[in-house]
Amino acid sequence: MLVTVSEEDVCSTVAADWERVLRIYRDTCPEGEVIVLAGVGADGHIAGILCHTADETPVFTGTEWIVSHHFQQTDNLYPHRITPTFTGWKEVVDRSYIYMSGEEKYSALTDILADAGDLHTTPARILRELEQCHLYTDAPKQ
């Protein structure tokens, strides 16, 4: 039997299931590691967290590790995302390996590495808050 549900319902269910599995893993395997492999977009987005308005930031800083979210203002073809939150990145991720390649991403890299900046305009700045983050790029040294 095929049951059709809305994209929002599917995304909400998947986000809740993903978080539930991560929490079970953390509870039952305290010595286990969560390792993330991810890329960064030319606009500074990472792992489904698109650049967003400051009003949307609380969605990514609450207690949830994974959320389903429809971004309000984006040119991205896929504005509805299932994504880890900033809280999830900080509380769950033990090690991350990040890849940025191409001249079109050099500006985003500069924004990530800058002393000042915010997470809503450059979500990949969350990498600055991780203990074991390895960023690989073809960009010239800055």
*Per the helix-only calculation at 222 nm, which mean residue ellipticity applies to the chain, given -39500 (n - 2.57) for every DSSP H run of n ≥ 4 and division by its residues, nearest 500 deg cm²/dmol?*
-8500 deg cm²/dmol
*If you take the beta carbon distance between Asp75 and Thr28 as r and set R0 to 41 Å, what does 1/(1 + (r/R0)^6) give as a FRET efficiency, to the nearest 0.05?*
0.50
*Ascending count of other beta-carbon atoms within 10 Å, so fewest first, for Cys11, Cys51*: Cys11, Cys51
*Fewest-first sequence of Ile49, Ile66 by Cβ atoms within 10 Å of each Cβ*: Ile66, Ile49
*asked:* If you fit an axis through the alpha-carbon atoms of helix 7-28 and take the longest principal axis of the Cα set of the chain, what angle between them do you get, 0 to 90°, nearest 10?
replied: 80
*Report the one residue of Gly41, Gly62, Ile82 whose Cα lies farthest in the direction of the positive end of the charge dipole of the chain (charges on C-beta: Lys and Arg +1, Asp and Glu -1; origin at the Cα centre).*
Gly41
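Which percent, to the nearest 5, of DSSP beta bridges fully inside the chain are antiparallel? Walk me through the numbers before you get to the answer.
Numbers: 7 of 17 bridges.
Roughly 40 percent of the beta bridges in the chain run antiparallel, per DSSP.
Most exposed first by the Cβ proxy, i.e. fewest other Cβ within 10 Å, how do Leu37, Leu22, Leu109 rank?
Leu37, Leu22, Leu109
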*asked:* I'd like the distance between the alpha-carbon centres of segment 10-81 and segment 104-142, rounded to an integer number of Å.
replied: 18
_Highest-MSF residue in the chain out of Asp118, Asp43, Asp75 [GNM, Cα springs under 10 Å]_ = Asp75
_Neighbour cut-off at most 14 other Cβ (10 Å), DSSP loop, GluC sites (Glu not before Pro), segment 1-91_ = Glu31, Glu33
*Only Lys, Arg (+1) and Asp, Glu (-1) charged, at Cβ; segment 7-137 dipole about Cα centre in debye*: 260
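Each reported figure results from applying straightforward, stated rules to the coordinates on display, with no laboratory input. Given the structure is predicted, the values throughout are model-derived calculations rather than measurements. Cβ sites come from the backbone with ideal geometry, for glycine too, and all protein chains shown count toward neighbours.
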